[in-house]
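No lab work stands behind these numbers, since they all come straight from the coordinates. Just so it is clear, the model here is predicted, and its values are computed rather than measured. Cβ coordinates were reconstructed from backbone atoms using ideal geometry, including for glycine residues, and neighbour counts include every protein chain displayed.
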Amino acid sequence: RKEVEQDPGPFNVPEGATVAFNCTYSNSASQSFFWYRQDCRKEPKLLMSVYSSGNEDGRFTAQLNRASQYISLLIRDSKLSDSATYLCVVTGGTGFQKLVFGTGTRLLVSP
Amino acid sequence: DAGVIQSPRHEVTEMGQEVTLRCKPISGHNSLFWYRQTMMRGLELLIYFNNNVPIDDSGMPEDRFSAKMPNASFSTLKIQPSEPRDSAVYFCASSSTRRMETQYFGPGTRLLVL
């Protein structure tokens, strides 16, 4: 079983739609959680951290459920520029809390 | 400010050849990471340096891979000899110790081994 599991998609949505991605992780010792965004043929970039209380950044809302080991990302009012791959990331390992990346969920927003 | 710099951006080589990838982290960052990304396995951590010292190299696939960080502004990842299965995008990332979990990635090196 992979440490971080994501639906690879692609999710095809029209502009203005609301879309949600989910992610599960297997290491109950994980302490920090993130969503990264990766555009086609580019490097990953931090989108937002994920906190237990949930957090919002503009059109983006992230939620964490530690009991279920489940993370979500909600994008409201999708824009064409939101088309990308969204990587769910958790910390793992012992001692050094390395970042463990999911393989990503691809989002395509169409006009 | 310059971000993480990697070279070359693209590399095509033949099986058995030596490949050297280079990375310059963001100035002031003292943690450096090498990752490999493939369609099948996603993004995998190969090795992590802190203050130029290798801390975790458990992700290095085998002895054909080696990494060095001779100073705070330069690191190399070497593959010798290269094999077709090494074809991937190799990313270097850096972070500061205070925000080690916020990593800044370079543009990557696309490696194709024929």
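Determine, for each peptide in A:101-107, A:69-75, the mean count of other beta carbons within 10 angstrom over its residues, then list the peptides with the highest first. Could you put the intermediate results ahead of the total?
Details: A:101-107: 22.7, A:69-75: 18.7.
Most protected by this proxy first, the peptides run A:101-107, A:69-75.
Which Rg and Dmax, in Å, describe the Cα atoms of chain A?
13.6, 47
Between B:Ser58 and A:Ala17, with labels modelled 7 Å along Cα→Cβ, what's the label distance in nm to one decimal, could you check?
Going from the B:Ser58 label point to the A:Ala17 one covers 4.0 nm.
Taking θ = phi - 60°, what integer Hz values does the Karplus form 6.51 cos²θ - 1.76 cosθ + 1.60 yield along region B:31-46, in sequence order, with x for Gly and Pro?
For region B:31-46, the Karplus-derived couplings read 10, 9, 10, 10, 10, 10, 10, 10, 4, 6, 10, x, 9, 10, 6, 8 Hz, x marking Gly and Pro.
Give the list, by residue number, of cysteines in the protein assembly as shown with no other Cys Cβ closer than 4.7 Å, or say none.
A:Cys40
Could you let me know the centre-to-centre spacing of region B:86-109 and region A:40-111, using Cα atoms, in angstrom?
17 Å
Can you give the relative contact order of chain A as a percent, counting alpha carbon pairs under 8 Å and 6+ residues apart?
37 percent
Would you mind calculating the gained length between A:Lys79 and A:Asn55 on full extension (0.36 nm times residue separation, minus the Cα-Cα distance), in nm to one decimal?
6.6 nm
Over the Cα atoms of the protein assembly as shown, each weighted equally, I'd like the Debye log10 I(q)/I(0) at q = 0.14, 0.15 Å⁻¹, rounded to two decimals.
Values, matching the q order: -0.89, -1.01.
What percent do you get for the relative contact order of region A:1-63 when only Cα pairs under 8 Å and 6+ apart count?
22 percent
Counting Lys and Arg as +1 and Asp and Glu as -1, what is the net charge of the other residues whose Cβ lies under 14 Å from the Cβ of A:Arg59?
-2
For region B:70-114, what mean projected area does the convex hull of the alpha carbons give, in nm²?
Over every viewing direction, the Cα hull of region B:70-114 projects on average to 4.1 nm².
In the P(r) worked out for chain B, what percent of Cα pairs fall beyond 24 Å?
Roughly 18 percent, once rounded to a whole number.
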